[in-house]
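> Questions regarding the structure given below will be posed in turn.
Please treat every number below as a calculation from the coordinates, not as lab data. As the structure is a prediction and not an experimental result, all values here were calculated from the model. Here the Cβ is made from the backbone with ideal geometry for all residues, glycine too, and neighbour counts use every protein chain on show.
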Amino acid sequence: MPFQIILNLIIAVMWMFLSETYTFVAFVSGYLIGILLLLFLQRFIPDTFYLKRVFKMIQLVLLFTKELLLSNIEIIKMVYRKDQNFKPGIFALPTDLKSNWEITMLTSLISLTPGTLSLSVSEDNRIIYIHAMNIDDNDEAIKSIKETFERAIMEVTR
């Protein structure tokens, strides 16, 4: 991915030099031409097209924003409820993530979401222990994290 970004920037600068127009518009048009060239020559470049990964990153940020807003609403509902019988608990989340960066990203997203907190990661990086403010079903909590954050992180990194 970094190779493709650098190559695209070089194409944009070369476009500015060849057109002898040193403006932002010329740079952007050269950048767009570079994107098209990289897209057409994709089979000769070793990695996947980098804009796919950029779009996946944007989707991850939007997913986190959505989950953040929904969990804030849930916490507000729980706090203002008359019968405050929470069921806090700790559960183990088995993860398919491999690298330290992926696991750090997942634990950070979990901890930044209100109502959940990442407590620990096992020695073999296969299990993350999470505290939840209100947990009715462990399997449902595990399933929701795996289908949202973990899947989105794997799409970005792999």
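> Listed here are the pairs K66/K143; K66/K87; K56/K146; K66/K146; which of them are more than 19 Å apart at the Cα?
Where the Cα-Cα span goes over 19 Å, the pairs concerned are K66/K87.
> Filter the GluC sites (Glu not before Pro) in the stretch 102-158 to those in DSSP coil with at most 14 other Cβ atoms within 10 Å of their Cβ, and list the result.
For GluC sites (Glu not before Pro) across the stretch 102-158 that sit outside H, G, I, E and B with at most 14 neighbouring Cβ atoms in 10 Å, the list reads E123.
> At most 10 other Cβ atoms within 10 Å and a DSSP loop assignment: could you name the chymotrypsin sites (Phe, Trp or Tyr not before Pro) in the stretch 4-107 that fit?
Passing both the DSSP loop test and the Cβ count: Y22, Y80.
> Taking the dipole about the Cα centre of the chain, with the C-beta of Lys and Arg at +1 and of Asp and Glu at -1, give me whichever of M16, A152, F86 is farthest to the positive side.
Of the options given, the answer is M16.
> Using Cα-Cα distances under 8 Å and only pairs 6 or more residues apart, what relative contact order does the stretch 23-158 have, in percent?
28
> Sticking with this one: What are the ³J(HN,Hα) values, in whole Hz, obtained from phi via the Karplus relation 6.51 cos²θ - 1.76 cosθ + 1.60 with θ = phi - 60°, for each residue of the stretch 137-143 in sequence order, with x given for Gly and Pro?
Once rounded to whole Hz, the list reads 9, 4, 4, 5, 5, 4, 4.
> I need R81, R151, R53 ordered by Cβ neighbour count within 10 Å, fewest first.
Starting with the residue having the fewest Cβ neighbours, the order is R81, R151, R53.
> Return the sequence-ordered ³J(HN,Hα) values of the stretch 75-89 in whole Hz as given by the Karplus equation 6.51 cos²θ - 1.76 cosθ + 1.60 applied to θ = phi - 60°, using x for Gly and Pro.
5, 4, 4, 5, 5, 8, 6, 5, 8, 8, 9, 6, 10, x, x
> What list of ³J(HN,Hα) couplings, whole Hz, do you get for the stretch 13-30 from phi and the Karplus terms 6.51, -1.76, 1.60, once you set θ to phi - 60° and write x for glycine and proline?
5, 4, 4, 4, 5, 5, 8, 6, 10, 9, 10, 5, 5, 5, 5, 5, 5, x
> Students often forget the sequence filter, so: which aspartates and glutamates lie under 19 Å Cα-Cα from K52 once same-chain residues fewer than 8 apart are removed?
In chain and number order, the partners are E102, E150, E155.
> Highest GNM mean-square fluctuation, the chain, Cα pairs closer than 10 Å: which of L18, L68, L39?
L18
> Still on this structure: Skipping prolines and chain starts, which residues have an amide H placed within reach, meaning under 5 Å, of the one on T95, given they are 5 or more residues away or on another chain?
I127, I128
> Please give the net charge around T148, taking every other residue with its beta carbon less than 10 angstrom from that of T148, where Lys and Arg add +1 and Asp and Glu add -1.
Here the charged neighbours net out to +1.
> Treating only the Cβ atoms of Lys and Arg (+1) and Asp and Glu (-1) as charged, compute the dipole magnitude of the chain about its Cα centre; round to the nearest 20 debye.
260
> Non-local amide H neighbours of T113 (under 5 Å, H modeled in plane, Pro and chain starts lacking H): which ones?
Counting only residues 5 or more places away or on other chains, the set is empty.
> Towards the positive end of the charge dipole of the chain, with charges on Cβ (+1 Lys, Arg; -1 Asp, Glu), say which of I103, L70, Q4 has the farthest Cα.
Farthest towards the positive pole: Q4.
> Follow-up question, since we're still on this one. Find how many whole Å separate the alpha carbon centroid of the stretch 26-81 from the alpha carbon centroid of the stretch 94-145.
Comparing the Cα centres of the stretch 94-145 and the stretch 26-81, I get a distance of 22 Å.
> Taking amide H positions as placed 1.01 Å from N in the peptide plane, with prolines and chain starts having none, which residues 5 or more places from S120, or on another chain, fall under 5 Å of its amide H?
Here Y129 satisfy the definition.
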